[in-house]
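To keep things clear, I will list the structure first and then write my remarks on it.
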Amino acid sequence: MDAQNETGANRAPASWWQTGVIYQIYPRSFQDGTGDGIGDLPGILSRLDYLADLGIDAIWVSPIFPSPMADFGYDVSDYVGIDPLFGTVEDFDRLVTAVHGRGMKLLLDLVPNHTSDQHVWFRQARASRDNPKRDWYIWRDPAPDGGPPNNWLSEFGGSAWTLDAASGQYYYHAFLDRQPDLNWRNPQVVAAIHEVMRTWMRRGVDGFRVDVIWHLMKDAEFRDNPENPAFAAGMNPYARLLPQRTTDLSEVQDVIAGLRAVVDEFPERLLIGEIYLPVERLVAYYGAELKGVHLPFNFALLDTAWNARALDRLITTYEAALPPGGWPNWVLGNHDRPRIATRVGPDQARVAAMLLLTLRGTPTLYYGDEIGMANVPIPPERIQDPYEKNVPGLGLGRDGVRTPMQWDDSPFAGFSDVEPWLPVAADFSEVNVAAQRGNGHSMLTFVRRLIALRRAHPALLVGDYRALAAQGDLLLYVRTLEGAERVLVALNVGPDPLVATLPGTVGEVLLSTFCDRQDERISGEIALRANEGVIVGVAAGAVLPE
Ligand code: GLC
């Protein structure tokens, strides 16, 4: 029986993906095992003990499939192979076995919206107008003036249409011209991707993070997108139009239900959707009767102003928007967005981690955030990201959040023996795993203790969330598992000390972001230092504010 609908009031056992912590690996940058300056599967395999020790439950690996790497793997030329840069299918099988052997799960990235222009499907499709694969992609005749068929824009700059001179038609690409979009209105495309999913699940994969899932369907009539009235000079040029005809169509829900049905053919598998939409739209992706994705990635923390009131409003809005039985989730970082330690500053990064791991729902950690890695400035001659190359100068480039994992203080941070594909952070000799491992007060020690604490307290795993206060820089909330336990979380999201007043006895400190105060008794008030968060085990019978 699928327990997911029942976690909540009646406390049925939760699924692994509800209580687990997900860790994202950007494979080019985690560990080079072959000495070419690029991360790979043998590299990941050699670091599994680190991940097991950190206490995470599932690893999501960004694309590892054969690819010309125009968008670093998000341009797939073979959905069921492994790019030689990353290793072999045998390496992959070894990885699955080793991950499972440590009690963890392995999630792959599924990129069904588009392929590489080098995928054999597209090469056939572009060969002639009457090729059987032609309709697997989205082709239109030119507008009367010979230009693109409509005004649709690429997220990576310029028109989303590229003319194929040989056949005289344009093809649609939501991203690079080297990433033509598949036509999800064609049942053969649907069947082909479903079979890809089965292939990996038969190989032992525990689920998928689905790339740009809200893009899969586009308007059948190819109507123009409306102008965005809020657009202003200096903004991302993609924001000039509102993508009403190209994203978040209601029809996409049927496509997603189809993906979910395939996942449900296998026991205990997980489907996550990458979706950048406001909370009220995002929650539609749980699907009718929760038969959409299990977890529509909630990226709201990536953009929310870092103050108690804004965070409280976001959490409350999100909790209220969830459909009955819909399981929440939270994300603080990924390979597309600035690092949390840079966005909120290194001191607040610990508070942010405490927030991520004590909110209700599944947390996803981005590699390196557990040691406080920051965005790395990239010199112009080392820019790799096609987004930055196409839309320069707006700070959209993603290379700085994809730099090599900092393992130790050897010349290339223990990531590789040779100069890596992206520069290593300047601060790597201090900010690295080896230096932090033995330090009882390091960020790594803190995050490891936080994950262990979370695992040990059912209230943090599956308890209810209740906001208690959001005043000044104080964010105070409690996680409650009725009849079992209560855990209080007090976060100081600012740079000045503060005092939270509480009615009488509360309980004992379980963890501070500074890794001290263990077992300190809390009664009447909690004094928080600058940039401090504490987790308090609430004593039986203690009365908390309403
Ligand atoms: C997703 C990926 C991003 C990629 C894009 C196109 O947003 O996370 O890295 O460039 O899709 O596939």
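A short reminder: the numbers here are calculations on the coordinates, not readings from a lab. Bear in mind the structure is a predicted one, so any value in this text is a computation, not a measurement. Reconstructed Cβ throughout: ideal geometry from the backbone, glycine too, with neighbour counts over all protein chains shown.
Any idea what the relative contact order of the chain is, in percent, if you count C-alpha pairs under 8 Å spaced at least 6 apart? Rounded, it is 12 percent for the chain.
Over all other residues within a Cβ to Cβ distance under 12 Å of Arg360, the charged ones net out to +1, with Lys and Arg as +1 and Asp and Glu as -1. Each Lys or Arg adds one and each Asp or Glu subtracts one; over the other residues with Cβ under 14 Å from the Cβ of Ala435, this totals -4. Quick one: helix 187-202 against the long Cα principal axis of the chain, what's the angle to the nearest 10°, folded into 0 to 90? Tilt relative to the chain: about 40 degrees. Set against the 2.2 N^0.38 Å expectation for a compact globular protein, the chain has a Cα radius of gyration ratio of 0.98. Lysine pairs in the chain whose alpha-carbon atoms fall under 28 angstrom of each other, counting only those eight or more residues apart or on distinct chains, come to 4. Note on segment 194-251: dipole from Cβ charges, positive end direction compared against Asn228, His194, Val205; the farthest Cα belongs to Val205. Working from Cα pairs under 8 Å separated by at least six residues, relative contact order for segment 463-538 is 31 percent.
Qualifying GluC sites (Glu not before Pro) in segment 333-438, where qualification requires a DSSP coil assignment and no more than 16 other C-beta atoms within 10 Å, comprise Glu430. Shown is the FRET efficiency for Asp336 and Phe231, computed with R0 = 22 Å from the Cβ-Cβ distance and rounded to the nearest 0.05: 0.55.
Between helix 308-321 and the chain there is an angle of about 60 degrees, using the helix long axis and the longest principal axis of the Cα atoms.
Between Leu110 and Arg209, Val210, Asp211, the built amide H atoms are under 5 Å apart, and every one of these is 5 or more places off in sequence or on another chain. Protection proxy ranking, highest mean first, for peptides 336-344, 401-409, 82-90: 401-409, 336-344, 82-90, where packing is the per-residue count of other beta-carbon atoms within 10 Å, averaged. Spacing of the modelled spin labels on Ala52 and Ala310, each 7 Å from Cα toward Cβ, amounts to 4.1 nm.
Between the beta carbons of Leu163 and Glu289, assuming R0 = 45 Å, the FRET efficiency works out to 0.55 to the nearest 0.05. Approximating the spin labels as points 7 Å out from Cα along Cα→Cβ, the Asp464-to-Glu482 distance works out to 0.6 nm.
Under the simplified labelling scheme, the Glu265-Ala320 pair shows an inter-label distance of 4.2 nm, with each label point 7 Å from Cα along Cα→Cβ. Counted residue by residue at 0.36 nm each, then reduced by the alpha carbon distance between them, the extension gain from Ala257 to Asn439 reaches 60.8 nm. Comparing Cα centroids, segment 186-223 and segment 376-448 end up 32 angstrom apart.
Looking at the chain, send over the antiparallel percent of its DSSP beta bridges, to the nearest 5. Antiparallel bridges: around 65 percent, rounded to the nearest 5. Projecting the Cα atoms of Trp152, Gly524, Ala341 onto the charge dipole of the chain, computed from C-beta unit charges around the Cα centre, puts Gly524 farthest toward the positive end.
The helix-only estimate of mean residue ellipticity at 222 nm for the chain, built from DSSP H runs of length n ≥ 4 each weighted as -39500 (n - 2.57), is -6500 deg cm²/dmol after division by the residue total. Axis of helix 346-358 versus longest Cα principal axis of the chain: the two differ by about 90°, to the nearest ten degrees. Compared with the direct C-alpha span, the chain from His100 to Asn186 gains 27.4 nm at full extension, assuming 0.36 nm per residue. For the chain, the Cβ-based charge dipole about the Cα centre amounts to some 640 debye (Lys, Arg positive; Asp, Glu negative; other atoms uncharged). Relative to one another, the C-alpha centroids of segment 92-149 and segment 298-373 are positioned 31 Å apart.
Each of the peptides 318-326, 269-277 was scored by the mean count of other Cβ atoms within 10 Å over its residues; in descending order, highest first, they stand as 269-277, 318-326. Counted residue by residue at 0.36 nm each, then reduced by the alpha carbon distance between them, the extension gain from Arg123 to Glu381 reaches 89.7 nm.
Here the relative contact order of segment 120-172, from alpha carbon pairs under 8 Å that lie six or more residues apart, stands at 31 percent.
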